[in-house]
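The values are calculated or read from the model by the stated rules, or taken from the named source; none is laboratory data. Only a predicted model underlies this, so the values are computations on that prediction, with no experimental measurement involved. Glycine also receives a Cβ, built like all others from the backbone with ideal geometry; neighbour counts cover every protein chain displayed. Heads up: the accessible areas ignore ligands, DNA and RNA and are worked out on the full protein's heavy atoms, side chains in. Shrake-Rupley method; radii C 1.70, N 1.55, O 1.52, S 1.80 Å.
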Amino acid sequence: MPDPTNTIVNVTYPQAGIAMITMDAPESAANILDEQLFSELDRSMAELAEQSDLTGVILISAKPTIFVAGADLKRIAATLDWPEKKIVEFCQRGRAVMARFSRCPFVSIAAIHGACVGGGLELPMWCDLRIASNDRRTILGLPEVKLGLVPGWAGTARLPRITNLDIAVDLVTSGRLVSASEANSIGLIDAVVPQESLIEEAIKMIHRVSTSESFIFDRKKIMGPVETVGDLEAIVLKHGKRIIENKKIFPFAPTVALEHMTRSASLPIKAAWNSESVAMAQVYGSPASRGLINHFFLIDHNKKQPGLVDMNLSPMKIHTVGVVGAGLMGQAIAENCLKRGLDVILLDANTQTQQLVTNQLKCDYPDRSIQSCESYESFTECELVIESVVETAAVKLQVLQKIESAVDEATVIASNTSAIPIETLANHLQRPENFCGIHFCHPELMSLVEVVCGPQSSEQTIATAVKFVKSLRKTPVAINDGAGFVVNRLLAAMIDQSLRIFTNGTSIETIDFAMREFGFPGGPFEIIDVIGVDTCLYAGRTMWESGSQCVTLSPILPRLVKSGFLGRKKGKGFYAYPDARGERQWDNNLLSVIEIYRNEKDQSSTLNEKQIVTQILSAIVLEATRIIEEEIVQDFRDIDLCIIEGFGFPAHHGGILFWADQVGIETVLQTLESISKVDPRISPNATIQLQAKNQTHFYPAPTPSEQ
Ligand code: NAD
């Protein structure tokens, strides 16, 4: 007998002839489709089917914000090596349980409130009817492709038969979520009602449909081919184009889904199920899916524990943020704050810049409060002031001291420095406990924000900074202090290797192309241009001065800065940008400026794409392991999150340490040994050597109970 205190499913009878299955996973915020839920649904529906006096069954969740959140991802992650036969059985088992809702001798209806996604939506799709609350938290969709998977419990087969092929292909291959009202308008659900009348309306619908017996006709109809196929060729072209153009979703799983759904649309549904199992077996355990699932777990882990911060503290509430420096970063920080409803006070030494930026922000956010100020005294009302002036310690110190003498004793002061250790700045402040780093990697393009704990930063300051970053809907990672923190050390390792490879004869375009092909949104030289050649130079110099091994003093960046090649912001850097936001162009003038630094005799040693990627990534792995050895991060997974969310490392590779596990640490070791013959800084450290010797991984293998 199951333990009643530990069951998920509870069956009640809100009215004679109406059963209600309520899902409520104990001690969990969400219901997920794990083996326990499947078994309990199976048993409950088998028992209900035996009752002769039932008119209908309602499937509902007791959770306040979630109907069913999807499949048990931990189990999927632990079974990625399954052979095809097991994957097919996994799909069949899920369908067999869910099919009870479409075969029962009475009407079945799902009453949906909260997130109803992935397998959590496939389950209601097996019911005769679906009704959803009009609450904004009710969202529906099949986001499996975002994890490199396809729906495997008949979602791809039932959805086109419930709606039509075009809509179904759109939802499955984009993974997008829809509101209850959109779900209603596309025919995915049958009605939208207030949450409090879900059960009452569900009962009415059961009686109506039971009397008309329309559900029997609908059940028969759904077993055949898709009725509304439309122009198949046009559907393939339209969605194929979208899949290729969408840079946010790795195209493998959507392409497999598109091919399977269009191929099986004209077949009876049972053949479509078989085709779906084959599609699932194609993507299950694929390299991209492994990486994307790891990325999902990195984000999940970060939500619970965003690094070195005490989540039990109550942070200060922020209403008004002061920003000093209205350059590229200061403007973006101010804009992020305004977007999320915070008031902003802006100051810049250059009054023209300050006025221009303020006017622009006022124009873009007319309903928000943005003030341009003339003196530091205006910051008295701020709970947080962020310094974002030029990357020079002396200038930053002056600014920070002025802020400190103007603000309230409790105000948190933060620096957006890219690389200067927080301790260096804190040592000259009166209240170093109120000071920390809040390093926006790139507020426009990246979600990561490093919250840097100086040795004297108080836990309360860090908790407030983390909460502030979360309120901007960014991804905070609280880390320990050290020049370059995490992201810029990894970035510096990439830039350093790229410059070395270029100096030895491989072209800038080839290096950038190789890294883009690997999945980066831009190559290393394009990234330098986006950040600013000068900013990269100064941040690199700070790291070098602090003894960091990841940078050498290459003459290339100083030469470019001296010649005015500062990157995208000035229209020229490693590439030319005739239009500030437009495409990059190759600039022959550039090569004449830096050609002298190329090693003539090594021109023949150009690398192929694979070698370029392996060399650059191995150097980043080395830097990542140094960061772990220095205990800059609380958890090694924070490094993988930082590199994906901080500078665009492709999520489908799962992070730099995840990549190292996939290619094998032996490959990394050999690559580093070969580079270190000419550059001893890049010698493999103890972590890498030991791991290669013991054949261990960064990520532990799943335990047998998870498989
Ligand atoms: P920027 O050159 O675009 O802007 C700096 C601004 O600071 C200028 O408007 C300047 O007038 C102002 N300023 C200089 N001295 C000042 C002073 N004493 N008082 C007030 N204002 C002063 O530089 P940026 O790219 O915005 O970088 C700002 C900071 O953010 C730097 O520390 C940089 O390392 C960091 N950062 C930059 C990036 C990036 O991608 N560019 C990313 C993360 C962090």
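Tabulated data for the structure shown
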| quantity | calculated |
| --- | --- |
| Answer residue from the range 268-318, given it is among the hydroxyl-bearing types (Ser, Thr, Tyr) and not in a helix (DSSP H, G or I) and is farthest from Val477 (Cα to Cα) among those | Tyr284 |
| Matching entry among Arg598, Arg637 (being touching a residue at least 12 places away in the same chain (Cβ under 8 Å), surrounded by 14 or more Cβ atoms within 10 Å (Cβ to Cβ) and under 19 Å from Gly523 (Cβ atoms)) | Arg598 |
| Pair list, Cβ under 8 Å, 6 or more apart: the range 432-451 residue within 13 Å of the ligand (Cβ to nearest atom), other residue open to solvent by less than 10 Å² (accessible area, probe 1.4 Å) and charged (D, E, K, R) | Gly437/Glu450; Ile438/Glu450; His439/Glu450; Cys441/Glu450 |
| Meets criteria (crowded, with 23+ Cβ neighbours inside 10 Å and either more than 10 Å from the ligand (Cβ to nearest atom) or of a type in the set (Phe, Trp, Tyr) (or both)) for Ala426 | yes |
| Residue in the range 244-264 that is of a type in the set (S, T, N, Q), in contact with a strand residue (DSSP E or B) (Cβ under 6 Å, 6 or more places away or on another chain), more than 30 Å from Leu448 (Cβ to Cβ) and surrounded by 15 or more Cβ atoms within 10 Å (Cβ to Cβ) present | no |
| Hits in the range 348-392 - residues which are within 10 Å of the ligand (Cβ to nearest atom) and touching a residue at least 60 places away in the same chain (Cβ under 8 Å) | Ile386, Glu387, Ser388, Val389, Val390, Glu391, Thr392 |
| Of the criteria (1) out of contact with any strand residue (DSSP E or B) (no Cβ under 6 Å at 6 or more places or on another chain); (2) in a strand (DSSP E or B); (3) not aliphatic (A, V, I, L, M), which one Arg130 fails | (1) |
| Enumeration of residues in the range 209-252 that are in contact (Cβ under 8 Å) with a residue 12 or more places away in the chain, closer than 17 Å to Ile167 by Cβ and of a type in the set (A, V, I, L, M) | Ile222, Val226, Val229, Leu232, Ile235, Val236, Ile243 |
| Candidate set from the range 312-344 (those that are more than 29 Å from Val390 (Cβ to Cβ) and touching a residue at least 40 places away in the same chain (Cβ under 8 Å)); member that is farthest from the ligand (Cβ to nearest atom) | Ser314 |
| Residue among Ala576, Ala514 that is buried (at least 21 other Cβ atoms within 10 Å of the Cβ), more than 16 Å from the ligand (Cβ to nearest atom) and not β-branched (Val, Ile, Thr) | Ala514 |
| Test: residue in the range 327-334 that is at pLDDT 95 or above, open to solvent by 10 Å² or more (accessible area, probe 1.4 Å) and among the β-branched types (Val, Ile, Thr) | no |
| Search result, residues across the range 398-415 that are open to solvent by 10 Å² or more (accessible area, probe 1.4 Å) and near the ligand (Cβ under 10 Å from one of its atoms) | Gln398, Val399, Lys402 |
| So Arg598, is it over 30 Å from Pro421 (Cα atoms), more than 16 Å from the ligand (Cβ to nearest atom) and touching an Asp or Glu at 6+ places or on another chain (Cβ under 8 Å) | no |
| Test: residue in the range 53-69 that is part of a loop (DSSP other than H, G, I, E, B), out of contact with any strand residue (DSSP E or B) (no Cβ under 9 Å at 6 or more places or on another chain) and in the same structural domain as Gly141 (by TED's automatic domain parsing) | yes |
| Residues of the range 521-540 satisfying the condition of being within 11 Å of the ligand (Cβ to nearest atom) and either open to solvent by 30 Å² or more (accessible area, probe 1.4 Å) or touching a Cys at 6+ places or on another chain (Cβ under 8 Å) (or both) | Ile528, Val530, Ile531, Thr535, Tyr538 |
| Condition check for Thr461: in contact with a helix residue (DSSP H, G or I) (Cβ under 8 Å, 6 or more places away or on another chain) and outside the structural domain of Trp586 (by TED's automatic domain parsing) | yes |
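So that you can scan it fast, the table gives a plain yes or no per residue for (1) of a type in the set (A, V, I, L, M, F, W, C); (2) assigned to a loop (DSSP other than H, G, I, E, B); (3) modelled with pLDDT under 95; (4) over 24 Å from Leu308 (Cα atoms):
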| site | (1), (2), (3), (4) |
| --- | --- |
| Ser378 | no, no, no, yes |
| Val385 | yes, no, no, no |
| Glu404 | no, no, no, yes |
| Ala419 | yes, yes, yes, no |
| Ile438 | yes, no, no, no |
| Val449 | yes, no, no, no |
| Val452 | yes, no, no, no |
